[in-house]
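To keep things clear, I will list the structure first and then write my remarks on it.
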Amino acid sequence: MNTVAVVGTQWGDEGKGKIVDLLAGDAEIVVRFQGGNNAAHTLVINGEKFILRLVPSGALNRSTICVIGGGMVVNPFALYEEIQNFKKRGIDLDRRLLVSFDAHLVMPYHIAIDRAREKQLGKRAIGTTGFGIGPTYEDKMSRQGLRFDDLIDWASFKDKLERNIKEKNLYLKAVLKAKPIDGKELIAELQKLRRLLLPYITDTSAYVAKATRDGKKILFEGAHGTMLDIDYGTYPFVTSSNCIASAVYAGGGVPPGRLDAALGISKAYTTRVGAGPFPTEIHGALGDALREEGAEFGSATGRPRRIGWFDAALARYAIRVNGLWGLALTKLDVLTGINPLKICTGYKIGKDSYDTMPPGRNALAKAKPVYEQIEGWDEKPDAARTMDELPANARRYVERLAELCGVPIAMVGVGASRDATIVVTNPFQS
Ligand code: IMP
């Protein structure tokens, strides 16, 4: 296969970064196609920790071309900082980071609006990352947004920006009762930053379409997860972009029908940050222990993640909406020592049973999980590099998940580092 998308099947934080980084070894190009720095991928390579927010995870493979696709919303200050951080650690992104003309710019007023709205919502808050993602996508849809393309002509960019600042500051003050942003300072900073970013801006959609025609190996790196998708997720407790595999067409530039496979990433259990329904949530000491063991604190915001059992009903839903070819299971090692383990096989709502997402998105909040129990294991699986090397019960757990989900498990993560992964099938090599 030449074109492969990697998408989250849960509420984000499934460990996509590590799988993407592993697959990037076979890919010539890695493309991000949606979201912004609300995503954060943590990679541990030779004991060194890297957090990537905007730049595709392939950045660490020095020959990989990294594409920021048109479907993304990008905070230009955060992007520049990330490029500089790479440089400081000896990784140069010049000539191998391509930023789409069409990607939208996250401006400080978007961040201010995001945060002020959440504050106003109080208990009803969505629990956004506070990085201005929703307000930026709103401006894109209402055709007020500023794109990287606009940076090319400074005079016209400045004019549009000034109009936006004026309007947003009025809104911030009058409606959200929040502090307006300093427009003069922002314009001065952007005038400097613009020159530093111009060399990266290009027509990435043309580049990706040609690369597809040329048979190049391309990896599309999804951010967040299916349950955070603006259309298919647990609305309104979602992010503001499409996170499912079909978003690669609009946001990544690959023509429809040219995607060979979508690989779904699932944790061996489930987590979510922010508010919203979560049927298999574990409260109390066990949840706390898993959070510590799995270091389940947001890479972007540091917030503690909510913890739950693996949910096969949601996995089946994700498999359907993404047309998944297989699953990569991550963080199996974190479950070591927990006995028994539970797997959610479906839900009950009143007398009705469901083996996938119940119809009507609000139904999930009422869904009672149906569990089966499975024996755990005490031996650490970290050193296993084949399924046969896993502790017997860990292997049974993985096989049971594959059976319940109805797709093959292509990879299993057994530890934090890149090499702590069992690769059953690599989509680029099949
Ligand atoms: P936003 O994307 O900042 O607008 O946040 C909307 C919702 O998506 C909140 O519940 C966030 O916690 C969640 N969210 C956004 N990005 C991620 C992610 O990469 N991992 C996990 N949750 C995320």
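Laboratory data are not the source of any read-out in this text; all were calculated from the coordinates shown. Quick caveat, the model's predicted, so the values are computed rather than measured. Note: ideal-geometry Cβ built from the backbone for every residue, glycine included; neighbour counts use all protein chains shown.
Which percentage, to the nearest 5, of the DSSP beta bridges contained in the chain is antiparallel?
Values: 24 of 60 bridges.
About 40 percent, rounded to the nearest 5.
Stokes-Einstein diffusion coefficient for region 91-145 at 4 °C in a medium of 1.567 mPa s, Rh from the Kirkwood formula over Cα pairs: what value in µm²/s? Please list the in-between numbers first.
Working: Rh = 12.8 Å.
Result for D is 101 µm²/s.
Label-point separation (nm) for D419 and S353, each offset 7 Å from Cα along Cα-to-Cβ?
Computed distance between label sites D419 and S353 equals 4.7 nm.
Calculate the dipole size of region 316-362 relative to its Cα centre from +1 charges on Lys and Arg beta carbons and -1 charges on Asp and Glu beta carbons; express the result in debye to the nearest 20.
140
With charges only on Cβ, +1 for K and R and -1 for D and E, what is the dipole size of the chain about its Cα centre, in debye, rounded to 20?
1240
Given 10 Å bins starting at zero, what is the percent of C-alpha pairs of region 330-430 in each, up to the one with the largest pair distance?
Percent of Cα pairs in each bin: 14, 37, 28, 18, 2.
With the contact rule set at Cα under 8 Å and sequence spacing of 6 or more, what percent relative contact order holds for region 104-199? Working shown, then result.
On the way: 92 pairs, mean separation 28.9, N = 96.
Value for region 104-199: 30 percent.
Suppose every Lys and Arg Cβ carries +1 and every Asp and Glu Cβ carries -1, with no other charges. What dipole size does region 141-228 come out with about its Cα centre, to the nearest 20 debye?
Computed about the Cα centre, the dipole is about 160 debye.
Where in region 323-346 does the label zone of M387 land, with the point 7 angstrom along Cα→C-beta and an amide N cut-off under 18 Å?
325-333
What order, most packed first, do the peptides 43-55, 390-402 have when packing is the mean number of other Cβ atoms within 10 Å of each residue?
Details: 43-55: 16.5, 390-402: 18.8.
Peptide ranking by packing, descending: 390-402, 43-55.
Place +1 on the Cβ of every Lys and Arg and -1 on the Cβ of every Asp and Glu in the chain, take the dipole about the Cα centre, and give the residue among G251, A188, V334 whose Cα lies farthest towards its positive end.
Of the candidates, A188 comes out farthest on the positive side.
Bin by bin, in steps of 5 Å, what percent of the Cα pairs in region 104-199 do you find, going until the bin that has the longest distance?
Per 5 Å bin, starting at 0, the Cα pair percentages come out as 2, 13, 23, 24, 19, 10, 5, 2, 0.
For the modelled label position 7 Å from the Cα of L196 along Cα-to-Cβ, which residues of region 128-145 have backbone nitrogen atoms closer than 19 Å?
none
For region 157-183 and region 365-412, what is the separation of their C-alpha centers, rounded to whole Å?
Cα centres, region 157-183 to region 365-412: 51 Å.
For the chain, what is the convex hull volume of the alpha-carbon atoms per residue, in Å³? Provide the component values of the computation, followed by the final result.
Details: hull volume 59.3 nm³, N = 430.
Measuring per residue, one finds 138 Å³ for the Cα hull of the chain.
Counting only C-alpha contacts under 8 Å and six or more residues apart, can you give the relative contact order of the chain as a whole percent?
Numbers: 972 pairs, mean separation 89.4, N = 430.
Value for the chain: 21 percent.
Take each of the peptides 404-411, 330-337, average the number of other beta-carbon atoms within 10 Å over its residues, and list them starting from the highest.
Taking the mean over residues of other Cβ atoms within 10 Å, the ranking is 330-337, 404-411.
Hey, can you grab everything whose amide H is under 5 Å from the amide H of I265? Only 5+ residues off in sequence or another chain; H modelled, so Pro and N-termini drop out.
It is V7, G8, T9, A328, by chain and number.
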